[in-house]
Amino acid sequence: MIKKPPFRKLRGYAFDPSLSLKIDTALINNITYKIRWEDEEQLKPGPIGEYIEVIDYDPTVNKFYSPVDLNHPYILAQDGLDPSGSNPQFHQQMVYAVAMTTIKNFESGLGRPVLWSPHRVKEVANARPQNNDNLANPADIEKVIDEYVPALRIYPHALRDANAFYSPQKKALLFGYFAARPADVTLQMPDSLTFTCLSHDIIAHETTHALMDGLHRKYTEDTNTDVLAFHEAFADIVALFQHFTFPEVLKNQIAATRGDLASQNLLGKLAQEFGIAIGNYGSLRDAIGTFDKKKKIWTPKEPTGEEYRTIMEPHNRGAILVSAVFEAFLTIYKNRIADLLRIATGGTGILQQGELHPDLVNRLAAEASKASSHVLNMCIRALDYCPPVDINFGDFLRAIITADTDLVADDSRDYRLAFIDAFRKRGIYPNGIKHLSVESLSYPEPDTKNLQELFDILVDFLRDYRNEIIYTKKRNEIFDINRKYIAGSYDTDRKIFGLHRRLGITARQNTIDFEKLTGIMFSNNWQSLGIPTSNAYAGKGPSFSVNSLHLASRVGPTGNQRNQIIVSLVQRAQISIDKNKKDWPKITPGETDLGFVVNGGCTLIFDLDTLKLRYAITKPLLDTDSLNYNLHQLNRSRCLALHQHQIGSVADQSRFQAYFGMGKRNSFNEPFNFLHTH
Ligand SMILES: [Zn+2]
């Protein structure tokens, strides 16, 4: 019997077609992607597989391009179609190969299969017979149901525009193509067609937006200056660090830079063809340098420490985070190669002139590849340690440090310090931290001694959930089990008392301590704070949602395994703020035309082996200090900060906010479309 191959090989560009036209990069630009093998029944022409559905319809010319069949023997025998700018079937292969590579990296960092963010469908429960005008009675109870999205749709030729974006509504990636408008005719042929679906960086970036939405669906809401910037930055970080997983490219660039990855190189640049085609002098973005248009030279970026306070536009602000993570990587890489350089230079640290020895190139490349995969993993793993709403860069730093401390006991190579240092240099400090150290940045273990009764009930739940989900590998089954355990189920063979109901009832018996832990309101006077009433308990409790429930099994560097259950809770309040009272603006709960929604939330991480609560990472809706005095108040500083961000200064804030004219609701239609138009 012949064994199933571990992966499918598909040829594609490491960067984009423009590098195949240049003599010094042509050889390294064509690489072979190794994609997880999907059987013939799983992978249909399109390609349409388990995770991805490529649909090649071009609405501008009303044409369907015939779908590539990756199982065709001729295509299989030559590792996929030849890279080509003019063959739409290759375009389909390219988006599939890069999107699947990105998914694989997320799954190994997260320690579980990834799910796309579900479709939210509103259903009217217990609807009475409809009237002639077909309108359901507004008094009927509205129920929100999450529908499983098996595959992300990818349209390689969706628009004729210098743009590509992820649509959270359509659960789709839309790639555009356009005629190039280079600033200088020597850089690129004017009017040549540029396809965003042929750029590794753009595909990886957009796929990451979709993956992030599957993990943190509230991160598409613009609630502070960092949220959308974080989405953008993370998408760039993944695209950048994927460059380091291509061995041919890595060795070539190590040789070209003589091992100094802080000097100008291809690995730190994003979307080169796109950047030139829209009139830049180089890539769309560069993690380590900038191109001086006047002097026409590349110069390395030096952090000033003021960036975080002064730069607000989402992409530019995102670039601060990208450069911080890149610098952390460079520090780690330099530490890892210090001994090799000492050996190679006889202790002087000064390399001889000329080309590096190929053996040294190989060894340096191996270290760079290790360091980059560790850094990418640290960033992806940290996503589970972030609050479910209103993230900022400081929260992300704390998440990185906590997640890493959790999995890697011995940080002998000072990875954590490298991160802390790079963030500090850019003025990124988490709120409420007095000084930056690994100890102060790691979230403390919460005090649960007054919550034993509640946790006893939760422990039963966690045990049942673990037993049911731990051997489930199919994504649709994982989704169904998660939903069953969140909402409860009464109609299958077994009755499950859902997490939402358990918390809704039991939390209300241990109220104040659970409120202190989560920052979420469970007490009786919820209406007075503008928190809606839940439909679930016959109008007897406050509304909140269990945003996600995951089981994560991660393996550390020493082979140690961490099994955790991660739960996130979100609650909203409707308020308005009287700006006229400048010294002490008045917060009035309740829905009005001028009002807006403030969300609070909490990520709870349980250790699956001990069934203990390890972390509670919160953005409290309640003022947790006044809970000590048995007082229930909304978290004033969070309300005011949100108000300031959304309404206070629309005129002088970003075009983005002005465009959406946000205020009443924190939601909008296509957040990334607008962000990506240039
Ligand atoms: Zn983006």
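Where a number appears in this text, it was derived from the coordinates with a stated rule and is not lab data. All figures in this text were calculated on a predicted structure; none of them were measured in a lab. Neighbour counts are summed over all protein chains in view; Cβ atoms, including those assigned to glycine, are modelled from backbone coordinates with ideal geometry.
When only alpha carbons are used to place a centre, segment 342-406 and segment 66-92 end up 35 Å from one another. Principal axis analysis of the Cα atoms in segment 222-443 yields extents of 51, 47, 28 Å, listed in decreasing size. Hey, what angle do you get for helix 200-215 against the long axis of the chain, alpha-carbon based, 0 to 90 degrees rounded to 10? It is inclined by approximately 20 degrees.
On full extension of the chain, what length is gained from VAL121 through GLN452, given 0.36 nm per residue of separation minus the C-alpha to C-alpha distance? Don't jump to the answer; show the numbers that get you there.
On the way: separation 331, 0.36 × 331 = 119.16 nm, distance 3.64 nm.
In short, 115.5 nm is gained.
Work out the FRET efficiency for SER553 and THR32 from their Cβ-Cβ distance, taking R0 = 30 Å, and round it to the nearest 0.05.
On the way: r = 30 Å, r/R0 = 0.99.
Once rounded, the FRET efficiency stands at 0.50.
Hey, what does the equivalent ellipsoid look like for the chain, semi-axes from the Cα gyration tensor as sqrt of 5 times each eigenvalue, largest first, whole Å? Display every interim value, and only then the final one.
Values: eigenvalues 349, 174, 145 Å².
Each semi-axis is the square root of five times an eigenvalue, giving 42, 30, 27 Å.
The ARG342 and ASN563 beta-carbon pair, evaluated with R₀ = 51 Å, returns a calculated FRET efficiency of approximately 0.80. Multiplying the residue separation of ASN476 and PHE497 by 0.36 nm and subtracting their alpha-carbon distance yields 5.5 nm. With respect to the chain, whose longest principal axis is taken over its alpha-carbon atoms, helix 358-382 is tilted by about 10°. Dimensions of segment 355-495 from C-alpha coordinates, computed as largest minus smallest value along each principal axis and given longest first, are 70, 42, 28 Å. When the alpha carbon gyration tensor of segment 186-303 is reduced to an equivalent ellipsoid, the three semi-axes, largest first, read 26, 18, 16 Å. Start at zero, step by 10 Å, and the Cα-Cα distances of segment 445-647 spread as 8, 32, 32, 19, 8, 1 percent across the bins. The label point for PHE291 and the one for LYS586, both projected 7 Å from the Cα toward the Cβ, are 5.6 nm apart. Treating the angle as unsigned and between 0 and 90°, give the value, to the nearest 10°, between the Cα long axis of helix 415-424 and the longest Cα principal axis of the chain. Helix 415-424 sits at roughly 80 degrees to that axis.
Exposed loop GluC sites (Glu not before Pro) only (DSSP loop, at most 12 other Cβ atoms within 10 Å): please give the longest stretch of the chain free of them, not including the sites. Don't skip to the end; give the middle numbers.
Numbers: sites that count: GLU40, GLU41, GLU306, GLU355.
Between exposed loop sites, the widest span is 356-678.
Between GLU41 and ALA409, the FRET efficiency estimated from the beta carbon spacing at R0 = 30 angstrom works out to 0.10. Plainly put, segment 1-124 has a radius of gyration that is 1.02 times its Kirkwood radius, both from alpha-carbon atoms, as the Rg/Rh ratio. Each principal axis of the Cα cloud of segment 223-281 was taken in turn, and the coordinate range along them, longest first, works out to 44, 26, 18 Å.
Here's the picture: a label point sits 7 Å out from the Cα of ILE2 along the beta-carbon direction, and within segment 60-83 the residues with their amide nitrogen under 17 Å of it are 70-80. Dividing the C-alpha radius of gyration of segment 342-424 by 2.2 N^0.38 Å, with N its residue count, gives 1.46.
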